[in-house]
Amino acid sequence: MKRILISTIYIIIAISNILAQSVKEKYPVIIDTDCAYDDLRAICLFAAIKEIDVLVITTSDGALAPEDGLVKVNRLSAQIFPDGISIAAGRKLETTPPPWREYCQKIPWGNKPDAGNITDLNAAGLIINKINTAREPVIFICLGSLTNLYDAYIKSHETITKIKKVIWYNDEINPPAGPNYTRDKQAADFILSTNLIIDIISNLTKDEAYFDEILLENIEKITTPYAKSIAESHRTTVLYERVTNGHLQIWDDLIPVYLLYPELFDMEPVLIKPNISINIDYSIEEVISKMIRIIALKYSLEKNIVFESFPADPEFFRSDVKEYMDEIIDKYGKEEWRICVLTNEMHGHLGIYSIIGAKMGLKAREIFDVGIDQIKVVSRAGNMPPLSCMNDGIQVSTGATLGQGTITIFNDSIFQPKAIFSYKDRNVEIRLKEEYRERIEADINQGIVRYGNLTSGYWKLIRKLGLKYWKEWDRNLIFDIK
């Protein structure tokens, strides 16, 4: 009964996955910080999320002066960005610093002062440079005032309008209020008057939104560099006192959770400025749970519709699959595992060409570096099984479906195990190598001779062969790619 239920869920998920909204696997991000202690936590969370490509970090005038913040970020980046990251300081404001600046100066942000990558550019220059050279539109994360974004906008309006979205932590927008707004009202009022897409995140002063001792203890149990950096700073005498007295709240650290799990936040557009939205509610329990999983690198990289993470417990799988599942996951990754499982459930049996199609579609996504539902496909596999079964695997692995009109099945007199995949202005032809096609044909013909065509013995052989090819055939080796 348990297996029947799980199989039913898989079928539902397979259909939902095909119809799911497009999900980009990598978010190119610029982080702008005023270097308050919640910014440290937020940056550690961003660094832990593998779907996020942090291009640069810039420092603004706020909790710390920009140059002082640069030193803090430089030290932290050495611990959590092993490949290095470009950093730059912004403009110093000629106004009275916030009263908590002296306190923030005492908080350590790591202990490797010379390991970062401080550039010769100022913050605005570095922001413009990275937006112009990024492969995809950039998401601008603002954890402090909007000064640096404003300076970059004034310097190069055309560049800043390329930004996909601005995500800004601020307490309120109607009317605007909060330290990040009041620190540089001129910059904030200007940016809010533009047509940039802006999502504003606030903790809404929820009673449960505290960074307390229980949360700190849970983080201390985690051995990742992100957890270590947070724990070390928050266990210092100067900051731990605020942990225990209930002063520390979850503020800017909401943003990385929002970026990865927007469904946890209820967003509402501003009536007079529909390009601006602000959260009106969120699940703090879910946010804290996600924070811990992100820091521990145990959050799901999968974009599932129903599951938090796709089942990888052998108990849920049939005995022949269970025998090889660990080997398959180790060799080809959890994404291929998930796609092939869903393909088999939707296809109705553990097939051969359906597995080939699943591997082919995933390979196409890797070539284009895109997520589900971003590729168009022309399949040359026709509508005649068993070759046409390849189409099912392609649909599950790419999200290109007949229902959405993003896959076309090309029918002519010669069917072939190949497809043309298109993304923007690029086309890639992927074809199963002839030696593998011949192997499939020979194995199937032997099965027909031995068991007859479409008999129970035949289907048992097909399942055995499908599992064998799934386990042995590497998607990086079995295709000719043009």
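Which residue is surrounded by the fewest Cβ atoms within 10 Å (Cβ to Cβ), if the candidates are limited to the stretch 391-407 and must be in contact (Cβ under 8 Å) with a residue 40 or more places away in the chain and not charged (D, E, K, R)?
By that ranking, first place goes to G403.
Checking the condition part of a loop (DSSP other than H, G, I, E, B), free of Cβ contacts under 8 Å to residues at least 60 places away in the same chain and among the basic types (K, R), which residue from K72, K92 passes?
Working: K72 fails: part of a loop (DSSP other than H, G, I, E, B).
Answer to the check: K92.
Which of the strands (runs of 3 or more DSSP E) found entirely inside the stretch 352-462 contain at least 3 residues meeting this: under 30 Å from D53 (Cα atoms)?
Filter on the stretch 352-462 gives 418-423, 426-432.
Could you count how many residues in the stretch 129-186 are over 22 Å from I272 (Cβ atoms), in a loop (DSSP other than H, G, I, E, B) and either outside the structural domain of T119 (by TED's automatic domain parsing) or among the aliphatic types (A, V, I, L, M) (or both)?
Summing the residues that are over 22 Å from I272 (Cβ atoms), in a loop (DSSP other than H, G, I, E, B) and either outside the structural domain of T119 (by TED's automatic domain parsing) or among the aliphatic types (A, V, I, L, M) (or both) in the stretch 129-186 gives 3.
Any idea which of I329, I278 is within 23 Å of the chain's Cα centre (by Cα), more than 21 Å from I200 (Cβ to Cβ) and either at pLDDT 90 or above or not in a loop (DSSP other than H, G, I, E, B) (or both)?
Exactly one of I329, I278 is within 23 Å of the chain's Cα centre (by Cα), more than 21 Å from I200 (Cβ to Cβ) and either at pLDDT 90 or above or not in a loop (DSSP other than H, G, I, E, B) (or both), namely I329.
Filter the stretch 408-444 for residues that are under 31 Å from the mean Cα position of the chain (by Cα), crowded, with 16+ Cβ neighbours inside 10 Å and not aliphatic (A, V, I, L, M) and give the result.
Residues satisfying the conditions are K418, F421, S422, Y423, R431.
Going by the structure shown, is I214 in contact with a His (Cβ under 9 Å, 6 or more places away or on another chain), closer than 25 Å to Y103 by Cβ and assigned to a helix (DSSP H, G or I)?
No: the conditions fail for I214.
Report yes if some residue within the stretch 365-372 is over 25 Å from the mean Cα position of the chain (by Cα) and closer than 30 Å to Y27 by Cβ; otherwise report no.
No: zero hits.
Please enumerate the residues belonging to the stretch 112-169 that are without any contact (Cβ under 8 Å) to a residue 40 or more places away in the chain, aliphatic (A, V, I, L, M) and in contact with a Pro (Cβ under 9 Å, 6 or more places away or on another chain).
Within the stretch 112-169, just I163 meets the criteria.
The values are calculated or read from the model by the stated rules, or taken from the named source; none is laboratory data. Keep in mind it's a predicted model, so treat the numbers as computed, not measured. Positions of Cβ are backbone-derived with ideal geometry, glycine not excepted, and every protein chain shown enters the neighbour counts.
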